[in-house]
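Let me begin by presenting the structure, written as structure tokens, before commenting on it.
The values are calculated or read from the model by the stated rules, or taken from the named source; none is laboratory data. Keep in mind that this is a model prediction, so the values were computed, not measured. Glycine gets a Cβ as well: all are built from the backbone with ideal geometry, and neighbour counts include every protein chain shown.
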């Protein structure tokens, strides 16, 4: 029988059953950087592997079509968290093959997306653009026997006008209309700067003076900002490159994925802030993706005994109960 000291038992219980977000936070800053870097590297790869499995599920749904898979994944990520589920539903209701048939006409792509989103059902008599979209969608709806989404609620709560769902759909339309082979266009761009430029495209002219239908505003360019561009690269482009390289045993694509993350600035979110405050240094988006993986797959699930940080802390014999204030971190 393996003997476990009472001190180790107490520390393990604190890690596993504490109510605090990061029960180990008071000790993370004491872990050598070499250990931290090694674990973050493993976690970053682990997160890409997890996303790869999600992508393979989409591939199965779409009969191994990378274009269709990328289209749905890209649409979901244009929801930027707040409307991700709604944007994914929109893409699933509108096959990419229908968009490809009209990829030479941005207005028709807009009509398809706005119509399917249920955003063309009002009566805006003084908005010619809106009226023309309605008319175009009715034609395309009959052509493809489409049924607009029902019971979908695109959210604006605490969102800046630049992030309104109408603006995001207009930006998505501009991006996917650039090429009738969406994923192939991404594969061809080896330079991260070229990838950014592909997504940094202005929405159509109407949206330069509107944030929503029927309400003119001051003229402002509507294209993805730096943070949004980074999010698209992190959550859409990099996982697809990695998954495509793995499935087809083409190392140049898997090898291209990680340097893109390493070239991007670290993300800003509550998880990243929590680890930073605990003393974990994150230099780029690969590190912050690793931190997200750590939090969601280990910290939240209290798999501390499977975490290298938790294992090292327990092995070094730190005593969480030497100071009662630690219980209220």
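When residue 35 is evaluated against the numbered criteria (1) surrounded by fewer than 18 Cβ atoms within 10 Å (Cβ to Cβ); (2) modelled with pLDDT of 85 or more; (3) more than 13 Å from residue 312 (Cα to Cα), which criterion, by number, is the only one it fails?
(3)
For (1) part of a loop (DSSP other than H, G, I, E, B); (2) surrounded by fewer than 17 Cβ atoms within 10 Å (Cβ to Cβ); (3) touching a helix residue (DSSP H, G or I) at 6+ places or on another chain (Cβ under 9 Å), each residue gets a yes or a no:
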site	(1), (2), (3)
131	no, yes, no
134	no, no, yes
138	no, yes, yes
141	no, no, yes
147	yes, yes, yes
151	yes, yes, no
154	yes, no, yes
159	yes, yes, yes
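Residues to consider are 227, 235; find the one that is out of contact with any helix residue (DSSP H, G or I) (no Cβ under 9 Å at 6 or more places or on another chain) and within 17 Å of residue 77 (Cα to Cα).
Values: 235 fails: out of contact with any helix residue (DSSP H, G or I) (no Cβ under 9 Å at 6 or more places or on another chain).
Sole residue among the options that is out of contact with any helix residue (DSSP H, G or I) (no Cβ under 9 Å at 6 or more places or on another chain) and within 17 Å of residue 77 (Cα to Cα): 227.
Being touching a strand residue (DSSP E or B) at 6+ places or on another chain (Cβ under 9 Å) and closer than 23 Å to residue 123 by Cα is the filter here, so list the residues in the stretch 200-225 that pass it. Outline the logic, then answer.
Step one: of the stretch 200-225, the residues touching a strand residue (DSSP E or B) at 6+ places or on another chain (Cβ under 9 Å) are 209-210, 216-217, 222.
Listed by number, the residues that qualify are 209, 210, 216, 217.
Name the one entry in 49, 86 that is part of a helix (DSSP H, G or I) and farther than 28 Å from residue 262 by Cα.
Details: 49 fails: farther than 28 Å from residue 262 by Cα.
Sole residue among the options that is part of a helix (DSSP H, G or I) and farther than 28 Å from residue 262 by Cα: 86.
When the stretch 50-71 is examined, which residues are found to be under 18 Å from residue 101 (Cβ atoms) and buried (at least 23 other Cβ atoms within 10 Å of the Cβ)?
Selection gives 70, 71.
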